[in-house]
1. Looking at the stretch 223-252 only, could you name the residues that are surrounded by fewer than 11 Cβ atoms within 10 Å (Cβ to Cβ) and in contact with a helix residue (DSSP H, G or I) (Cβ under 9 Å, 6 or more places away or on another chain)?
2. Against the definition (surrounded by 14 or more Cβ atoms within 10 Å (Cβ to Cβ) and closer than 25 Å to residue 98 by Cα), how does residue 204 come out, yes or no?
3. If I filter the stretch 27-65 down to residues being outside any helix (DSSP H, G or I) and out of contact with any helix residue (DSSP H, G or I) (no Cβ under 7 Å at 6 or more places or on another chain), which single residue comes out as nearest to residue 90 (Cα to Cα)?
4. Just to confirm my filter: which helices (runs of 4 or more DSSP H) fall fully inside the stretch 153-261 and include at least 2 residues that are without any contact (Cβ under 8 Å) to a residue 24 or more places away in the chain, within 25 Å of residue 141 (Cα to Cα) and touching a strand residue (DSSP E or B) at 6+ places or on another chain (Cβ under 7 Å)?
5. Identify all residues within the stretch 121-145 that are surrounded by 15 or more Cβ atoms within 10 Å (Cβ to Cβ), out of contact with any strand residue (DSSP E or B) (no Cβ under 7 Å at 6 or more places or on another chain) and part of a loop (DSSP other than H, G, I, E, B); write none if there are none.
6. Inside the stretch 76-107, can you point out the residues that are over 19 Å from the mean Cα position of the chain (by Cα) and buried (at least 19 other Cβ atoms within 10 Å of the Cβ)?
7. Yes or no: residue 32 touching a residue at least 60 places away in the same chain (Cβ under 8 Å), buried (at least 24 other Cβ atoms within 10 Å of the Cβ) and out of contact with any strand residue (DSSP E or B) (no Cβ under 6 Å at 6 or more places or on another chain)?
8. Please pick out the residue among 148, 118 that is in a helix (DSSP H, G or I), touching a helix residue (DSSP H, G or I) at 6+ places or on another chain (Cβ under 8 Å), at pLDDT below 95 and within 19 Å of residue 69 (Cβ to Cβ).
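The values are calculated or read from the model by the stated rules, or taken from the named source; none is laboratory data. What you see is a predicted model; the values in this text were computed from it and never measured. Because the Cβ atoms are built from the backbone with ideal geometry, glycine has one as well, and the counts that use them run over all protein chains shown.
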């Protein structure tokens, strides 16, 4: 079973991509909705929350973990790997960085994410480590998370907010933009319209799934350890009708959402 966690609903974009790529595998998803958003919390708190999420997923039988949250990926992935040696842990930052470097010809790359993700500087550090000539223009777009979770994807107000966030990045003439939050692919059409033609939008969900598939192809033992039931179960730490409603719309099927007792 593959365990996937996020601070809330955004990680369902990763579930959608994973199930499209490998519908034969079984998945368990945890949205830590009681303690969302992670993007406004301290690094220490985010690492503690991430520990709780991984412990819950392992108790449910997960044999591999996907951190479907840019904030937790930025601030907790190495901590989790040290705490769980030998456990396959996939995160969304590294794959998005590699995809952006491959897509950008001018080496001018934009980034939007949560305050914590942008503030951590992890994307800039990884991009510069791979290619010191890369220029990065980063801006937090925290409000977009709430707009997505309200279901205001096509609202004119959302287009206005996106345009305001995107303006300084567009003016920098980047040719690749990392969508550094798993909520943001839901707004890909709006963001693409604000950026204009000729800019590659880097979807971290698609990027991590591509690397996940490549890992399974190269690791026969991991591939053999995973359930083939094709099932998916969904847990949240604070059940709300909105999670099931929006999740069903994103995934194209009703969700049976259960409560996870992890929040303290």
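1. 252
2. Taking the combined requirement at face value, the residue satisfies it.
3. The extreme case among them is 62.
4. 188-195
5. 142
6. Matches in the stretch 76-107: 104 only.
7. yes
8. 148
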